[in-house]
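What follows is one structure encoded as structure tokens, with my remarks underneath.
None of the figures in this text is laboratory data; all of them are computed from the coordinates on show. Here the structure is a predicted model, which is why all the values come from computation and not from measurement. Glycine also receives a Cβ, built like all others from the backbone with ideal geometry; neighbour counts cover every protein chain displayed.
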Amino acid sequence: MAGTVDLVVLDLALPHIDGLSILEQIRASSTTAGLPVVVVSADARESRARDCLERGASAYITKPFRFEALLEAVNQALGR
């Protein structure tokens, strides 16, 4: 079906808005609250990862990452 989204891969470093704000908006909307969100960031601090996971991220992956790690996080978030 056109227009449906199964999962979001979200980078925290965006040019005009913080990715964490987008994560919060996704979780605040009743239509997207249950949407899996895999966060990707160059910020390797454990506190940043914990903050994202506490705010509803399905996974947190630090850059640089292996494609297999991203694929595994996506599959887990989709329940595969």
From the helices alone, meaning DSSP H stretches of at least four residues, give me the mean residue ellipticity at 222 nm for the chain, per-run term -39500 (n - 2.57), in deg cm²/dmol to the nearest 500. -11000 deg cm²/dmol
Rounded, prolate or oblate: which one fits the chain, using the alpha carbon gyration tensor with axes a ≥ b ≥ c (rounded when a/c is under 1.5, else prolate when a/b beats b/c, else oblate)? oblate
In nm, the gap between the two label points placed 7 Å beyond Cα toward Cβ at residue 46 and residue 30 is 4.0
